[in-house]
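Heads up: the structure comes next, in structure tokens.
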Amino acid sequence: MRMPHLLARRPRPAALLAAGLATALLGAAALGPTLDADTPAATPKAHPAAIVTVDTADLVAAYNGGWMAGVAALGDDSKPTYPDVVADGSAPGTVAWMDGWTDGQADVLGDDNRDGVVDEDESGWDCHTVDNRKCGPTVPAQCLGELDFADPCATVAERPAYAWTDADGTPHSVAAGRELLTRVTAVPGTEEFAAALFALDTQWAQHNED
């Protein structure tokens, strides 16, 4: 049994062209205007940066307030303390207040370089109560007049007598440092004295240090 042919009209080329143009126009309308290669792309406009102005008087007041609070919080303690502040740490007023706190405690403690520790030679250093409790330089009489190498000279002077044996078994005895320095004929502060000083130091190192 043969199936019947369906009767339908074939679209003409002119009709197909018209339909294609209509579809293209509708797509362009939906997508908006198109840019060719010569048309510059639109760029967003730059927004001016926000400028925050802070009254100098307010910063000074914040710093002074932090300074007084830091001094009050220090009390009788000898170490800096840190405030428990809940605030925007980058805000100028907060920064000024924290700087005042740190400086206030440092001023009271005598922590001149503001590193949280009172070091020797800072204004808050008390040689009678801290470290080895020795005040002032202790320069042996044999080193008086030596400025550039005063510390090495004092080190040599404090060393005790010692003995050593050479390769062939011969024993040697070396006097204490102060005695050795009295045997140096050069005057402290001269190149000759410095050379003798370092010779004694080298001799000690050779026989007493691994």
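The values are calculated or read from the model by the stated rules, or taken from the named source; none is laboratory data. This one's a predicted model, so the numbers in the text were calculated from it and none came from an experiment. When we count neighbours, we look across all protein chains shown, and the Cβ atoms used for this are built from the backbone with ideal geometry, even at glycine. The protein model used for the area step is the full one, side chains on, heavy atoms only, and it has no ligands, DNA or RNA in it. Shrake-Rupley method; radii C 1.70, N 1.55, O 1.52, S 1.80 Å.
Details
- If you check Gly116, Gly124, Gly177, Gly145 for being open to solvent by less than 60 Å² (accessible area, probe 1.4 Å), modelled with pLDDT under 90 and farther than 27 Å from Asp76 by Cβ, only one passes: Gly145.
- Residues that are β-branched (Val, Ile, Thr) and not in a helix (DSSP H, G or I), drawn from region 148-200: Thr165, Thr170, Val174, Val184, Thr185, Val187, Thr190
- Meets criteria (modelled with pLDDT of 90 or more and surrounded by 17 or more Cβ atoms within 10 Å (Cβ to Cβ)) for Ala157: yes
- When Ala24, Ala30, Ala106 are screened for being open to solvent by less than 80 Å² (accessible area, probe 1.4 Å), at pLDDT below 90 and not in a loop (DSSP other than H, G, I, E, B), only Ala24 passes.
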